[in-house]
Amino acid sequence: MRIAIYGNDNKSSSKVATELSELINKSEVLQIDELNPEVVISVGGDGTLLSAFHHYDDLTEKVRFVGIHTGHLGFYTDWRDNEVEKLVESLENDNGQSVSYPLLDIQVEYSDQGLPDKMVALNESTVKKLFGTMVAKVYIKDRLFENFRGDGLCISTPTGSTAYNKSVGGAIISPKFNAIQVAEMASINNRVFRTIGSPVIIPPTETITVVPKVSLHNVLTCDQLLVMDRPIKSITYGISQRRIYFAKYQHTHFWERVNNSFIGDNLND
Ligand code: NAD
C-alpha cells in the first residue's frame, strides 16, 4: 500500500514522521509514495490535517486520511504520537475500512474579467470585510433571504461545526448529517437593519449565495487559506458531491470527541 506522510515543521512532528517512515520502509507491504498515495498520514494537529487535505485536493476521492496528533486530541486526528507501531500494524492489515464526511463546495465569481474559482473546504469558508461593515445580499436557493450587515458570515461543514462556526455561536452538527450551516458573525440588528439572527442549516438540495457589496476589503477564507486579491462578485455554497475519507482502524466517536474537547472532566452534579 502506498503511503504519504504529511507533517509540519514542528520538532515533535518531524520526530514522529521520521519514526513512521522508518517503520514503513522496513515493511514488506507498505511503501512511501508522496505523489500517488492511497493513504495520507498527517502528523501534527487539525491544522496539519487541513493542509494535507488541500495538498492532496485532486486525490480526495482516491485517498484515505489518517491523523496522528502530536499535541492535544484533535477533531481529525485519532492516533497519538506513541501509537506509531500500532498504526503501522493496522496499515499492514488494512482491508479498506473507511468513514467519510461531507465537504463544502465554494464557487466564486469575480467582478474582474478573470475566470471564476472553485474550491472545496473541509471545515468552513468565511466571507468578511477587513474593516468596516460587510454588506451582502444572502440568497437561499436563488431566492433573496436577507440583506446582511455585520462582520461576516461563516459557512461550515458538519465536521467544521466544532471549529470557527462554534466560536461564532453556530450549532454543533453530527457529521452523519449531509448539511451545511450558515452562522452570522456580529450581525447588525436594529429597527433599520434585520437579519435572521440565528444559525441556518441547509440540506444537500439547496445552495446559499452571498453577494457582497463590492469592496476591495472583502476577504474570503477556505479553511486556513485566504483569498483577497480579487474583487468578489458572488460566492455560492453547496454540499460537495465529493467527500473526505478517513481510514477507520481506530475511531473516536464524534460526540466523545466533542465531549473530550469542550467538556472534559467538568461533569460534576
Ligand atoms: P490552527 O491550526 O491554529 O487551528 C485553530 C484551532 O482550531 C486549533 O485549536 C484547532 O485544533 C482547531 N480546529 C481546527 N479544525 C477544527 C475542527 N474541525 N473542530 C474543532 N476544532 C478545530 O489554525 P489554522 O491552521 O489556521 O486552521 C484553520 C482553522 O482554524 C479554520 O478552519 C477555522 O475553523 C479555525 N479558526 C477558528 C477561529 C475561531 O474559532 N475564532 C478563527 C480563525 C480560524
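The values are calculated or read from the model by the stated rules, or taken from the named source; none is laboratory data. These figures come from a predicted structure and were not determined experimentally. Quick reminder, even Gly has a Cβ in these numbers, built from the backbone with ideal geometry, and neighbours come from all protein chains shown.
Screening the candidates Leu50, Leu91, Leu115 for the property of being closer than 30 Å to Pro231 by Cα, more than 16 Å from the ligand (Cβ to nearest atom) and out of contact with any strand residue (DSSP E or B) (no Cβ under 6 Å at 6 or more places or on another chain) yields one hit, Leu115.
In the range 70-82, the condition of being part of a helix (DSSP H, G or I) and out of contact with any Gly (no Cβ under 7 Å at 6 or more places or on another chain) is met by at least one residue. Scanning the range 206-221 for residues that are assigned to a loop (DSSP other than H, G, I, E, B) and closer than 17 Å to Asn147 by Cα returns Thr207, Lys213, Val214, Ser215. Among residues of the range 115-168 being part of a strand (DSSP E or B) and polar (S, T, N, Q), the one that is farthest from Pro203 (Cα to Cα) is Asn147.
Checking each residue in the range 160-181 for being farther than 22 Å from Val210 by Cα and either near the ligand (Cβ under 7 Å from one of its atoms) or not assigned by TED's automatic domain parsing to the domain that holds Tyr139 (or both) picks out only Thr162.
Looking only at residues in the range 34-47 that are acidic (Asp, Glu) and more than 10 Å from the ligand (Cβ to nearest atom), the one that is nearest to Asn123 (Cα to Cα) is Glu38.
Here's the yes/no breakdown for (1) closer than 27 Å to Gly264 by Cβ; (2) within 13 Å of the ligand (Cβ to nearest atom); (3) touching a Cys at 6+ places or on another chain (Cβ under 6 Å); (4) at pLDDT below 95:
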| position | (1), (2), (3), (4) |
| --- | --- |
| Leu23 | no, no, no, no |
| Ile32 | no, no, no, no |
| Glu61 | no, no, no, yes |
| Val66 | yes, no, no, no |
| Leu73 | yes, yes, no, yes |
| Ser100 | no, no, no, no |
